[in-house]
Amino acid sequence: MEGFTQLKMFVSGFTIARNVVRQIILSRSHLFVLPLCDEFIVAVGASDDATLTYIQSFDDPKIKIIETVWNDELRVGGKVLADETNKAKAAVNPKADWLFYIQADECLHEKYIEKLRKSCLKTSVTSIDGLLFDYTHFYGSYDYIGDSREWYRHEIRIIRNNPDIYSYRDAQGFRKGNDLKLNVKKTGASIYHYGWVKHPKEQQIKQKQFHRLWHDDNKLQNMLQSADEFDYGHIDSLAAFEGSHPEVMQNRIKNQNWVFDHDISKKNFNLKTKLLHWIEKNLGWRIGEYKNYKIVR
């Protein structure tokens with residue numbers, strides 16, 4: 001399962017990292033895309049903690065580190081995240097056919113590896129710019145997932161090695177050329193997003209750091225909780241997770257050192273949102289859904 005070398009296809013992975021030790025967000029488990037990649041670029045921004053040393057400790061021959069300096073003047077709106085993502089993308093091997101982007105709080109389940117391998121091999125039509133993933137957003141603990149309109153359902157994580165494709169807005173997705181949406185095929189695979197699963201104290205630290213990438217100081221002061229711990233109870237809707245977690249996450253789940261219990265029957269919706277939620281759950285239609293892509297059947 002070592003990349004696509006024998007199949008005459010080259011895949012580069014890429015991600016960004018800054019202050020990940022302090023924020024407790026990046027671990028070796030989140031790089032489980034490595035079996036699909038021939039190389040993996042990590043753009044390590046100048047940090048206030050031991051991020052560079054930490055990434056170097058992964059000690060995998062596929063991992064290639066580039067050191068960068070974040071432009072904090074691009075902080076509002078998360079633009080600096082896209083700027084750094086583009087630096088990582090620019091460092092991939094020019095001969096790469098496909099690029100697999102993964103964020104520090106995301107993880108790929110091993111059950112999808114072969115499916116994705118075949119998806120890349122089958123997608124030979126050059127008009128297809130990327131591959132679309134479903135998303136599973138965990139919240140509070142590893143037992144609950146967000147199931148409301150607040151969570152995006154799909155996003156692009158594999159793109160062609162095309163210089164016209166660039167990271168968009170706050171690096172959630174990609175665009176090409178003059179702000180054009182990418183033509184994508186669905187993979188049927190899901191990215192597991194663990195960004196909202198941490199000890200409440202750790203989550204509060206992360207929120208303070210991350211909101212600084214989207215908002216100025218005045219708005220930041222009004223938004224953040226003043227408590228030492230994040231309150232997971234402020235959520236509109238959750239569902240029970242009934243699947244399995246990636247193998248590389250098992251130790252972390254086993255060692256969870258906090259308790260979060262939630263009554264999934266309780267929903268915090270206004271009348272309009274309640275109606276939209278019912279339509280989505282019963283008819284499969286999310287009215288007004290933001291789609292940063294064009295799905296090709």
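Which is aromatic (Phe, Trp, Tyr) and within 30 Å of HIS262 (Cα to Cα), of TYR101, TYR54, TYR144?
The unique qualifying residue is TYR144.
Based on this model, can you work out whether TYR142 counts as touching a helix residue (DSSP H, G or I) at 6+ places or on another chain (Cβ under 6 Å), more than 19 Å from GLY13 (Cα to Cα) and at pLDDT 95 or above? Quick ask: steps written out before the conclusion?
On the way: touching a helix residue (DSSP H, G or I) at 6+ places or on another chain (Cβ under 6 Å): yes; more than 19 Å from GLY13 (Cα to Cα): yes; at pLDDT 95 or above: yes.
So TYR142 passes the test.
Is at least one residue of region 227-242 surrounded by 12 or more Cβ atoms within 10 Å (Cβ to Cβ), at pLDDT below 95, charged (D, E, K, R) and within 26 Å of GLU155 (Cβ to Cβ)?
No - not one qualifying residue is present in region 227-242.
Determine whether ILE55 is surrounded by 15 or more Cβ atoms within 10 Å (Cβ to Cβ), of a type in the set (A, V, I, L, M) and within 18 Å of PHE174 (Cα to Cα). Spell out the reasoning first.
On the way: surrounded by 15 or more Cβ atoms within 10 Å (Cβ to Cβ): yes; of a type in the set (A, V, I, L, M): yes; within 18 Å of PHE174 (Cα to Cα): no.
Criteria not met by ILE55.
Name the pairs whose Cβ atoms lie under 8 Å apart, with the first residue in region 78-98 and under 17 Å from ASN19 (Cα atoms) and at pLDDT 95 or above, the second among the aromatic types (Phe, Trp, Tyr) and surrounded by fewer than 23 Cβ atoms within 10 Å (Cβ to Cβ), and 6 or more positions between them or separate chains?
Note: pairs meeting the criteria are ALA82/TYR166; ALA82/TYR168; ASP83/TRP70; GLU84/TRP70.
(1) modelled with pLDDT of 95 or more; (2) surrounded by fewer than 20 Cβ atoms within 10 Å (Cβ to Cβ); (3) hydroxyl-bearing (Ser, Thr, Tyr): which one isn't true of SER124, the others all being true?
(1)
Mind telling me which of the residues ALA82, ALA96, ALA104 ends up being assigned to a helix (DSSP H, G or I) and small (Gly, Ala, Ser)? Let's see the steps before the verdict.
Numbers: ALA96 fails: assigned to a helix (DSSP H, G or I); ALA104 fails: assigned to a helix (DSSP H, G or I).
Of ALA82, ALA96, ALA104, the one residue that is assigned to a helix (DSSP H, G or I) and small (Gly, Ala, Ser) is ALA82.
Results for (1) under 18 Å from PHE32 (Cα atoms); (2) charged (D, E, K, R), shown as yes or no for each residue.
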residue: ALA90; (1), (2): no, no
residue: TYR101; (1), (2): yes, no
residue: ALA104; (1), (2): yes, no
residue: TYR112; (1), (2): yes, no
residue: LEU121; (1), (2): no, no
residue: SER124; (1), (2): no, no
residue: ASP129; (1), (2): no, yes
residue: GLY140; (1), (2): no, no
residue: ASP143; (1), (2): no, yes
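Taking region 230-244 only, how many residues are under 16 Å from TYR194 (Cα atoms) and of a type in the set (S, T, N, Q)?
Residues in region 230-244 being under 16 Å from TYR194 (Cα atoms) and of a type in the set (S, T, N, Q): 1 in total.
What residue, among those in region 61-79 that are assigned to a loop (DSSP other than H, G, I, E, B) and touching a helix residue (DSSP H, G or I) at 6+ places or on another chain (Cβ under 9 Å), is surrounded by the fewest Cβ atoms within 10 Å (Cβ to Cβ)?
To start, the set of residues in region 61-79 that are assigned to a loop (DSSP other than H, G, I, E, B) comprises 61-62, 69-71, 75.
Cutting the leftovers down to touching a helix residue (DSSP H, G or I) at 6+ places or on another chain (Cβ under 9 Å) gives us 62, 70-71.
On the way: LYS62: 17, TRP70: 20, ASN71: 12.
Looking at the filtered set, the residue picked out is ASN71.
Have a look at ILE41, ILE113, ILE65, ILE55 and point out the one that is within 26 Å of GLY243 (Cβ to Cβ) and aliphatic (A, V, I, L, M). Lay out the reasoning, then the answer.
Numbers: ILE41 fails: within 26 Å of GLY243 (Cβ to Cβ); ILE65 fails: within 26 Å of GLY243 (Cβ to Cβ); ILE55 fails: within 26 Å of GLY243 (Cβ to Cβ).
Only one candidate passes the filter, namely ILE113.
Out of all the residues in region 245-278, which are closer than 20 Å to TRP196 by Cα and in a helix (DSSP H, G or I)?
Of everything in region 245-278, those that are closer than 20 Å to TRP196 by Cα and in a helix (DSSP H, G or I) turn out to be GLU247, VAL248, MET249, GLN250, ASN251, ARG252, ILE253, LYS254.
The values are calculated or read from the model by the stated rules, or taken from the named source; none is laboratory data. What you see is a predicted model; the values in this text were computed from it and never measured. Neighbour counts run over all protein chains shown; Cβ positions are idealised from the backbone, glycine included.
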